[in-house]
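A quick write-up on the structure given underneath.
Read-outs throughout are calculated quantities, based only on the coordinates presented, and are distinct from any laboratory measurement. All of these numbers come straight from a predicted model, not from anything done at the bench. Heads up, the Cβs are rebuilt from the backbone with ideal geometry, glycines too, and the neighbour counts pull from every protein chain shown.
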Amino acid sequence: MSNKILFGSVAREKLLEGIDLVYRAASCTLGAAGRNCVYNKWTRVPIITNDGVSIAREVEPEDLGALQGANLIKQICEKTNDEVGDGTTTSIVLAHSMIEQGIKLLDNDKLVNPMQLRREMKEAADKVIAELDKMAIKVTTLEELENVATISVESPETGKTIAKAIYEAGEHGIVYVNESTDIGVSIEKVEGYQFPQGMITPYLIKDPNRMETVLNNVPVFITELQLLWTNEFSNMIKTLVEKNGYRDILIICDEIHQDVIKFAVMNQMKGNFNLSIVKKPMQKEFLEDIASIVGANAMTKDKGLVHPKAEYCGIAKKVVVKEKNTTIFVDESKQVIADEYILSLKVQEGLAEDEVTKTKLQERIAKLTGGVYMLNVGDKTEAESKYLRMKVDDAVNATKAAKEEGIISGGGMALYNVVKPLMVSGMTKGEDIIYYSCIKPLVQIVENSGGIYNEVHAQIIDNKMGFNALTLKVEPDMIKAGIIDPVKVTKSAFSNAASFAGLLLTTECLIVPSPEPLQPKGQVV
């Protein structure tokens with residue numbers, strides 16, 4: 001296959017073509033008055049959503065050069081989604097504006113050095129981030145959490161339910177959005193545990209929309225050793241699947257041989273059974289904590305256990321494996337074992353002589369007793385259920401982010417207010433691009449609501465004021481009106497967009513694979 005090579009402005013315009021498609025698909029969803037997008041996963045029910053990263057994933061331009069541009073901007077969405085779980089549409093709007101302005105500048109002024117422009121953009125972005133931090137207001141009350149959740153989920157009643165779950169979960173509790181057959185959103189607390197290790201390969205992820213795999217009635221095999229393809233391992237799997245009838249299995253291990261991964265992927269593709277594999281936690285004591293809640297016998301060196309056996313496995317009621325974390329729901333039959341283990345940790349805490357050991361034990365006990373707050377989500381149809389579940393997911397992430405770092409004015413107003421004092425004469429070209437782009441989220445929100453930006457801009461005379469996309473009026477105080485955003489989300493969306501845009505503007509060459517020519521009918525290849 002030959003490659004097509006593009007240079008200079010032609011290369012940048014081709015990338016912008018794909019970026020523009022992602023922007024047009026996602027930007028119409030921004031704000032309280034934003035619209036939705038519909039896409040289909042071929043064999044599944046069409047999905048209706050306003051989730052930016054979900055929409056971006058589905059944009060696949062036919063032109064291979066434009067496809068590279070689309071795939072590049074998707075990386076911003078994915079990174080923002082990984083960091084804060086929200087703000088992905090804002091990151092697209094910001095990045096598109098920065099790239100579009102930058103390309104126009106490079107095309108019209110040949111004396112501009114792209115590397116210098118990138119440095120100027122980074123310096124300007126750092127100033128914006130610092131100002132956002134200064135603006136942040138700490139969130140301390142349940143009512144403040146409710147405001148954040150309500151803005152994100154667009155429902156006061158659901159917002160209250162989400163805020164209540166996060167508030168009651170506390171620092172160590174886990175909040176998980178669960179699909180339900182009942183209509184509405186309800187809270188259910190169950191015993192469970194989460195640790196920060198996810199699926200060892202994306203090929204084992206069953207739900208690409210939520211990037212997770214859900215397992216039910218799960219044998220859990222735990223080891224600190226490398227897992228190799230051996231007769232003992234093969235016999236253990238056969239016992240669990242063929243003799244005991246399990247269809248979902250979880251393995252927690254150190255390193256894993258490629259043959260085991262291939263075996264797991266192949267059997268999942270064939271629909272035989274689901275073998276999910278995650279890396280063990282860094283601390284060995286956490287491995288024993290997990291073993292305690294599922295009733296497993298962890299295969300470790302100090303116990304002299306070196307060969308996998310089915311009897312070493314514990315049982316979990318349910319397991320949710322994501323890219324970066326795994327949540328285990330305790331089976332009722334193992335609760336007594338878990339309670340006894342927690343009691344033993346409390347005894348150790350009481351006997352601990354130094355504060356470091358005592359603090360570590362307290363953290364382990366808190367993680368084991370914090371539980372999982374399930375938000376059971378359901379609606380009348382499958383399409384409506386998926387839509388609501390995505391909205392609740394985003395709202396949970398936004399509310400958690402607000403709890404961590406505080407809130408700022410929402411509706412695009414924080415970035416708008418940040419740059420007003422920074423926009424002075426003598427700005428560098430990089431500053432001009434960054435500061436102008438900070439206004440774009442507000443512009444997009446106003447346009448999506450059917451308003452006129454210049455009219456809104458003329459009415460905003462101080463930093464407390466802002467545009468309400470639902471009433472089409474300018475509020476005298478956005479914070480008091482409950483129109484707020486988590487500062488962590490805004491910072492993540494902005495910094496990822498600025499970093500990506502600065503790098504992309506240094507592009508001088510684009511290599512595009514030429515598509516394979518179609519073979520004439522009847523010709524043997």
Sequence of I55, I103 once ranked by neighbouring C-beta atoms within 10 Å, starting from the fewest = I103, I55
Order of 484-496, 265-277 by packing, highest average Cβ count within 10 Å first?
-> 484-496, 265-277
Net dipole in debye of the range 192-370 [+1 Lys, Arg Cβ; -1 Asp, Glu Cβ; about Cα centre; nearest 20] | 640
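If the viscosity is 1.002 mPa s and the temperature 20 °C, what Stokes-Einstein diffusion coefficient in µm²/s follows for the range 191-245 when Rh is the Kirkwood radius over Cα pairs? Spell out each step's value before the answer.
Numbers: Rh = 13.9 Å.
Rounded, D is 154 µm²/s.
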By a straight-distance test (C-alpha under 19 Å), which lysines pair with K400 as possible cross-link partners, with residues fewer than eight away in the same chain excluded?
-> K79, K138, K160, K164, K189, K322, K324, K367, K391, K488, K491
When the Debye formula is applied to the Cα atoms of the range 265-411, each taken as the same point scatterer, what base-10 log of I(q)/I(0) results at q = 0.14, 0.19, 0.22 Å⁻¹?
-> -0.97, -1.34, -1.46
Quick one: angle between helix 88-108 and the longest Cα principal axis of the chain, in degrees between 0 and 90, rounded to 10, please.
-> 40
Straight-line reach from K4: which aspartates and glutamates have a Cα under 16 Å away, not including same-chain ones fewer than 8 places off?
-> E13, E62, D63, E508, E516
Would you mind computing the Rg to Rh ratio of the chain from its alpha-carbon coordinates, Kirkwood style for Rh?
-> 1.01
Between 0 and 90°, nearest 10: helix 114-135 axis offset from the chain longest Cα axis | 70
For R247, R210, what ranking results if the residue with the fewest other Cβ atoms within 10 Å of its Cβ goes first?
-> R247, R210
How far is helix 8-27 tilted off the main Cα axis of the chain, in degrees rounded to 10, range 0 to 90?
-> 70
Excluding residues fewer than 8 positions from K301 in its own chain, the lysines with Cα under 22 Å of it are K279, K280, K284, K309
To the nearest Å, what is the center-to-center distance of the range 1-62 and the range 346-364, using C-alpha atoms only?
-> 51
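Ranking S91, S152, S97 by Cβ neighbours within 10 Å, fewest first, what do you get?
Details: S91 31, S152 27, S97 23.
Ascending number of Cβ neighbours within 10 Å: S97, S152, S91.
If you put +1 on each Lys and Arg Cβ and -1 on each Asp and Glu Cβ, how big is the dipole of the range 1-132 around its Cα centre, in Debye rounded to 20?
Working: 16 positive and 19 negative charges, 40 e Å.
Dipole of the range 1-132, to the nearest 20 debye: 200 debye.
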Rounded, prolate or oblate: which fits the range 395-525, taking a ≥ b ≥ c as square roots of the Cα gyration tensor eigenvalues, rounded meaning a/c under 1.5, else prolate when a/b beats b/c?
-> prolate
Name the residues whose placed amide hydrogens come within less than 5 Å of the amide hydrogen of E475, ignoring near sequence neighbours (fewer than 5 apart) on the same chain.
-> G466, F467, N468
How much space per residue, in cubic angstrom, does the convex hull of the C-alpha atoms of the range 451-509 take up?
-> 139
Sequence order, the range 273-284: Karplus ³J(HN,Hα) from phi using 6.51 cos²θ - 1.76 cosθ + 1.60, θ = phi - 60°, Hz rounded, Gly and Pro as x, gives 6, 10, 10, 8, 10, 10, 6, 5, x, 5, 8, 5
Amide H neighbours of I256 under 5 Å, counting only residues 5+ apart in sequence or on other chains, H built in-plane at 1.01 Å?
-> L227
So what's the net charge close to T327: Lys and Arg +1, Asp and Glu -1, counting the other residues with Cβ under 12 Å from its Cβ?
-> +3
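When the Cα atoms of the range 192-370 are enclosed in a convex hull and the volume is divided per residue, what value in Å³ results? Present the calculation step by step, with values, prior to reporting the outcome.
Values: hull volume 20.3 nm³, N = 179.
Convex hull of Cα atoms, per residue: 113 Å³.
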Sorted largest first, the Cα spans of the range 81-161 on the principal axes come out in Å as 56, 24, 20
Along each of its three principal axes, how wide is the spread of alpha-carbon positions in the range 51-191, in whole angstrom units, largest first?
-> 61, 42, 26
Going toward the positive end of the dipole of the range 192-370, with +1 on Lys and Arg Cβ and -1 on Asp and Glu Cβ, which of S344, G304, G245 do you reach last?
-> G245
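What number do you get for the range 296-369 when its Cα radius of gyration is normalised by 2.2 N^0.38 Å, N = residues? Write out the running numbers ahead of the final one.
Values: Rg = 15.0 Å, N = 74, 2.2 N^0.38 = 11.3 Å.
Taking the Cα Rg and dividing by 2.2 N^0.38 Å, one obtains 1.33.
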About the Cα centre of the chain, how large is the charge dipole given +1 on each Lys and Arg Cβ and -1 on each Asp and Glu Cβ? Please answer in debye to the nearest 20.
-> 860
Could you pull the Rg and Dmax for the range 1-55, using just the Cα atoms, both in Å?
-> 15.8, 47
Quick one: if you take sqrt(5λ) for each eigenvalue of the C-alpha gyration tensor of the range 352-437, what semi-axes come out, biggest first, whole angstrom?
-> 40, 29, 9
Restricting the range 381-485 to trypsin sites (Lys or Arg not before Pro) in coil, as DSSP defines it, with at most 14 other Cβ within 10 Å | K480
